[in-house]
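The values are calculated or read from the model by the stated rules, or taken from the named source; none is laboratory data. Computed from a predicted structure; not experimentally measured. Counting neighbours? That spans all protein chains shown, and the Cβs are built from the backbone with ideal geometry, glycine included. Heads up: the accessible areas ignore ligands, DNA and RNA and are worked out on the full protein's heavy atoms, side chains in. Shrake-Rupley method; radii C 1.70, N 1.55, O 1.52, S 1.80 Å.
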Amino acid sequence: MTKKYPLGTWIYNPINEFTPAEVDRWHDMGLTETLTPRIVFGKDDVRSIIPYLDKAAEYGMKLIIYVTDMATGDYEENFRSVYLPLKGHKALGGFFTMDEPSTPEAFETVKKYLKIQQAVAPELTPYVNLQGSTHENEKVLCGRSYNEFLKAFVEETGVHVFCFDAYTQLIGNPTGIDNYFKDVKRQVEAAEYAGVDVIITPLCSGHLCFNVPTEEQMMWQLTTSAACGCKGAMWFRFYDRNIIPNYHGSPIDPYYNETEHYGMMRRAQRIFSDQFGDMFMKLKRKATYCFGRQLGEYPMFRDGDHELLNLRGYEDTIISFFEDERHVEYVALVNASMTYLAPWYFEYDEDKCSLTEIRMNETLEFPIHSSLNEDDQTYLYPGQMAMYRIDRK
């Protein structure tokens with residue numbers, strides 16, 4: 001994985017609809033590790049992606065090569081034929097394997113693909129995306145807990161990062177938001193149990209019963225998932241296409257023009273990366289709570305849950321505690337309401353610790369006092385995050 005916070009997107013359009021100049025747009029958008037346009041095995045020359053890799057390397061980006069139709073014939077032979085022409089490229093991050101396996105047979109197939117890719121190209125990271133609700137799929141769990149299922153999956157395949165879909169937050173009702181937090185909690189905890197990283201697949205397009213996200217909702221998806229322990233985002237999806245008219249409101253319209261949502265997503269990603277991206281790559285999650293109202297299955301944060309800090313506020317909140325490699329503790333606070341701006345403040349014993357707000361990836365610091373003074377309250381718009389460092393005395 002790149003040292004930058006992984007931000008990418010699904011691209012379903014065929015490779016022949018693009019030129020390598022499109023990498024400039026991905027970089028401008030703030031993408032750091034993304035899927036490429038679709039390459040059809042046996043039809044498209046995989047070497048056509050090399051100019052894209054060259055340009056991505058200039059930006060320090062990683063590309064995940066999206067090759068379809070490799071299941072026909074010998075998969076290992078087919079994979080070698082697309083891997084070897086690209087082997088060793090600085091910007092090569094990995095190759096696609098499968099999206100949303102949902103049956104025992106599909107999981108057996110994707111495990112086969114992952115093991116082959118790991119054996120042939122151990123320096124790369126194979127890409128697999130699971131359904132967010134896999135933790136409820138009894139057909140594949142076979143009586144195991146999701147933690148045990150995922151740990152066995154990881155041990156058998158050697159995969160060290162996976163993605164999962166998360167869309168229900170944009171249905172537009174509290175039940176959808178609760179289901180989102182339920183899926184995120186289950187996926188993150190299973191990943192931590194298995195000792196791997198997990199990347200969320202949130203929405204930047206509208207389709208089916210899912211609304212087109214606003215700018216605040218794009219930020220909401222980034223901040224809530226990061227605060228809950230995800231280690232990146234692979235958006236669905238960047239380009240609209242006329243042949244699939246149900247998908248709409250993407251950052252790029254069917255005529256390859258940038259929409260108003262392009263600017264929204266660009267700002268959300270770049271602000272998030274500038275404020276917190278580098279920090280989250282070095283932090284380990286310790287605990288996550290909700291505050292204000294119950295959010296999914298997260299426990300409510302109550303006085304005494306943390307030995308030093310109590311929280312006061314009004315709206316839906318995610319509060320998570322992290323630590324770095326030096327065991328310095330941090331706390332992330334996210335306005336998890338999609339509607340209201342409201343203030344929060346911390347109460348703590350200043351004889352036992354100090355609290356410092358961290359901005360711009362720890363290049364700016366602002367002491368926070370334990371008081372009711374307006375200057376020490378934190379006002380966050382829907383989806384906005386604040387990060388603090390706790391220094392014990």
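Things to note:
- Total residues in the stretch 241-295, condition without any contact (Cβ under 8 Å) to a residue 40 or more places away in the chain, charged (D, E, K, R) and in a loop (DSSP other than H, G, I, E, B): 2
- If you go through the stretch 355-393 and pick out every residue that is buried (at least 19 other Cβ atoms within 10 Å of the Cβ) and either of a type in the set (A, V, I, L, M, F, W, C) or free of Cβ contacts under 8 Å to residues at least 24 places away in the same chain (or both), you end up with 8.
- Against the numbered list (1) under 24 Å from the mean Cα position of the chain (by Cα); (2) open to solvent by 10 Å² or more (accessible area, probe 1.4 Å), Gly292 comes up short only at (1).
- Neighbours by Cβ (under 8 Å, 6+ apart or cross-chain): first from the stretch 34-54, among the small types (Gly, Ala, Ser); second assigned to a helix (DSSP H, G or I): Ser48/Ile15
- Odd one out for Leu63 among (1) open to solvent by less than 50 Å² (accessible area, probe 1.4 Å); (2) touching a residue at least 40 places away in the same chain (Cβ under 8 Å); (3) not acidic (Asp, Glu): (2)
- Look at the stretch 173-187: where a residue is closer than 19 Å to Asp197 by Cβ and touching a residue at least 24 places away in the same chain (Cβ under 8 Å) and a partner is crowded, with 19+ Cβ neighbours inside 10 Å and charged (D, E, K, R), sitting 6+ places away or on another chain with Cβ atoms under 9 Å, you get Asp183/Asp165.
- Strands (runs of 3 or more DSSP E) enclosed by the stretch 333-393 - at least 2 residues per element that are modelled with pLDDT under 95: 342-348, 364-368, 378-380
- Complete set of residues in the stretch 6-42 that are in a loop (DSSP other than H, G, I, E, B) and either under 21 Å from Lys231 (Cα atoms) or touching a strand residue (DSSP E or B) at 6+ places or on another chain (Cβ under 9 Å) (or both): Pro6, Trp10, Ile11, Tyr12, Asn13, Gly30, Leu31, Thr32, Thr36, Pro37, Phe41
- Scanning the stretch 166-175 for residues that are in contact with a strand residue (DSSP E or B) (Cβ under 9 Å, 6 or more places away or on another chain), farther than 15 Å from Glu297 by Cβ and open to solvent by 10 Å² or more (accessible area, probe 1.4 Å) yields Tyr167, Ile171, Gly172.
- Residue count for the stretch 176-203, restricted to those that are open to solvent by 10 Å² or more (accessible area, probe 1.4 Å) and either part of a loop (DSSP other than H, G, I, E, B) or not hydroxyl-bearing (Ser, Thr, Tyr) (or both): 14.
- In the stretch 204-234, the residues that are assigned to a loop (DSSP other than H, G, I, E, B), open to solvent by less than 10 Å² (accessible area, probe 1.4 Å) and either in contact (Cβ under 8 Å) with a residue 60 or more places away in the chain or charged (D, E, K, R) (or both): Cys204, Cys228, Gly232
- In the stretch 298-354, the qualifying residues are those that are small (Gly, Ala, Ser) and without any contact (Cβ under 8 Å) to a residue 60 or more places away in the chain, and the one that is most open to solvent (accessible area, probe 1.4 Å) is Gly304.
- Filter result for the condition that a residue is surrounded by fewer than 24 Cβ atoms within 10 Å (Cβ to Cβ), touching an Asp or Glu at 6+ places or on another chain (Cβ under 9 Å), of a type in the set (Lys, Arg) and at pLDDT 95 or above, over Arg267, Arg237: Arg267
- Tally, over the stretch 10-54, of residues that are open to solvent by 50 Å² or more (accessible area, probe 1.4 Å), in contact with a helix residue (DSSP H, G or I) (Cβ under 7 Å, 6 or more places away or on another chain), among the charged types (D, E, K, R) and over 20 Å from Asp240 (Cα atoms): 1
- Only one of the numbered conditions (1) assigned to a helix (DSSP H, G or I); (2) among the basic types (Lys, Arg); (3) over 18 Å from Ala21 (Cβ atoms) is violated by Lys55, and that is (3).
- Of all residues making up the stretch 80-110, the number that are closer than 15 Å to Val159 by Cβ, open to solvent by less than 30 Å² (accessible area, probe 1.4 Å) and outside any loop (DSSP other than H, G, I, E, B): 7
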